[in-house]
Amino acid sequence: MKIAVDAMGGDFAPEEIVKGVEAARDRYDDLTFLLFGTENQVKPLIQNMDRLTLIGTTEEIEMGEEPVKAMKNKPNSSLVRAAQAVKDGQADAFFSAGNTGAILAASIFIIGRIRGVERPALASAFPCFGGGHDEFVFMDLGANAENKPSHLYQYGILGSFYAESVMGIKNPRVRLLNNGGEEDKGDEIHKAAHQLMKDTDAFNFLGNVESREIMDGTADVVVADGFSGNATLKAIEGTALTMMDQLKQSIKGSGIRGMLGALLLKPALRSLKHKLDFNENGGAVVLGVKAPVVKTHGSAKANAVANSMGQIKRMVQENLVGKTTDFIKENAEQLKVKKSSK
């Protein structure tokens, strides 16, 4: 199983990317890696070349660049070359921690969109603290800043399939992220999307959900437009990091009793931190393209990179893309329901 890696993408690339890849190589004996990156920056970081192949590139796509233009103007960038390797059959999957828009553009225009999917999206398993499951599917997390009602409708179908086939959730409950629970809340796009979801039998739609409620376990799939989804994701991550830091500072300043109490609570606090720390989980999956594509957080460190490789391994082993393609073919008419509401 071979993974094409954009070694130059991410805030801490290439150091943390290379560390993560080597950790995954040592953890999973059936994975091999193609590392695409600037040779004089990447090569000195590699501890050994076992099951690693370094392919030199001369360009980098920066985080702030316009995605499609950057992809076209920098054909020898690490991101584009890694995606091309998947298209050419040299690798089974594509990984990057780089520019989200460029990853999506490369996924659609190089790897290719599955026929029947209007707009691929970023989906991730997100922690929750209620209901019958520990995680729910959250999408779109930033692949598309703007969406049509038909896109949000298809996300309900794709998210339900992912929740059922990968996470083992039967008849997953779908909710639409909005600024209120009533069906007449939100802008015209969300109102139209709500009606499409309400009127379909393609998935189990239970109505709107507010951002403050998404971690309560009231949904197995939360559908959002890319702007709202990404903003909600970052707000939750920032709040979690701040609260954990403030809790730590409060314990330090509470004297001997606080310190003793913290020792007793240490296992529970460690478990909570583990659940909320994105570095402990895999990345976001681009659903709707012809090969496994995983994008992890731009500030991801080596552990998050290694965990993402394990996630890709499971996706390839379980033939997620093949199953998704078959599912879309079998449910083509349901996917077309929204055509009249674009």
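The values are calculated or read from the model by the stated rules, or taken from the named source; none is laboratory data. From a predicted model like this one, the values you see are computed outputs, not experimental measurements. Cβ placement follows ideal geometry from the backbone for every residue including glycine, while neighbour counts extend to all protein chains displayed. The protein model used for the area step is the full one, side chains on, heavy atoms only, and it has no ligands, DNA or RNA in it. Shrake-Rupley method; radii C 1.70, N 1.55, O 1.52, S 1.80 Å.
Structure data summary
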| read-out | value |
| --- | --- |
| The stretch 141-160 - residue that is open to solvent by 30 Å² or more (accessible area, probe 1.4 Å) and not small (Gly, Ala, Ser) and, of those, farthest from Lys329 (Cα to Cα) | Glu146 |
| Some residue of the stretch 261-281 being at pLDDT below 90, part of a helix (DSSP H, G or I), out of contact with any helix residue (DSSP H, G or I) (no Cβ under 6 Å at 6 or more places or on another chain) and open to solvent by less than 30 Å² (accessible area, probe 1.4 Å) | yes |
| Residues (among the aliphatic types (A, V, I, L, M) and crowded, with 20+ Cβ neighbours inside 10 Å) located in the stretch 216-234 | Ala219, Val221, Val222, Val223, Ala224, Leu233 |
| Residue tally, condition within 20 Å of Pro67 (Cβ to Cβ), part of a loop (DSSP other than H, G, I, E, B) and under 17 Å from the mean Cα position of the chain (by Cα), over the stretch 112-159 | 8 |
| Residue in the stretch 293-307 that is nearest to the chain's Cα centre (by Cα), counting only those that are open to solvent by 10 Å² or more (accessible area, probe 1.4 Å) and of a type outside the set (A, V, I, L, M) | Lys295 |
| Top-ranked residue of the stretch 197-207 - restricted to ones that are touching a strand residue (DSSP E or B) at 6+ places or on another chain (Cβ under 8 Å) and either assigned to a strand (DSSP E or B) or open to solvent by less than 70 Å² (accessible area, probe 1.4 Å) (or both), ranked as nearest to Glu318 (Cα to Cα) | Phe203 |
| Of residues in the stretch 235-256 being of a type outside the set (Val, Ile, Thr) and open to solvent by less than 40 Å² (accessible area, probe 1.4 Å), the one farthest from Gly101 (Cα to Cα) | Gly255 |
| When residues of the stretch 184-196 are limited to those that are closer than 20 Å to Thr232 by Cα and in a loop (DSSP other than H, G, I, E, B), the one farthest from the chain's Cα centre (by Cα) | Lys185 |
| Residue in the stretch 98-121 that is within 27 Å of Asp326 (Cα to Cα), open to solvent by 50 Å² or more (accessible area, probe 1.4 Å) and touching a Cys at 6+ places or on another chain (Cβ under 7 Å) present | no |
| Wholly enclosed helices (runs of 4 or more DSSP H) of the stretch 1-83 bearing at least 2 residues buried (at least 21 other Cβ atoms within 10 Å of the Cβ) | 15-27, 67-73 |
| Criterion: open to solvent by less than 80 Å² (accessible area, probe 1.4 Å), closer than 18 Å to Glu118 by Cβ, modelled with pLDDT of 80 or more and in contact with a Pro (Cβ under 8 Å, 6 or more places away or on another chain) - qualifying residue of Val285, Val316 | Val285 |
| Number of the exception - Phe138 against (1) of a type in the set (Phe, Trp, Tyr); (2) buried (at least 20 other Cβ atoms within 10 Å of the Cβ); (3) touching a Gly at 6+ places or on another chain (Cβ under 7 Å); (4) at pLDDT below 90 | (4) |
| Close pairs (6 angstrom Cβ cut-off, 6 or more residues apart or separate chains): among the charged types (D, E, K, R) in the stretch 300-317, open to solvent by less than 10 Å² (accessible area, probe 1.4 Å) and part of a helix (DSSP H, G or I) anywhere | none |
| Hits in the stretch 160-183 (condition: among the small types (Gly, Ala, Ser) and either in a helix (DSSP H, G or I) or within 18 Å of Thr232 (Cβ to Cβ) (or both)) | Ser160, Ala163, Ser165, Gly180, Gly181 |
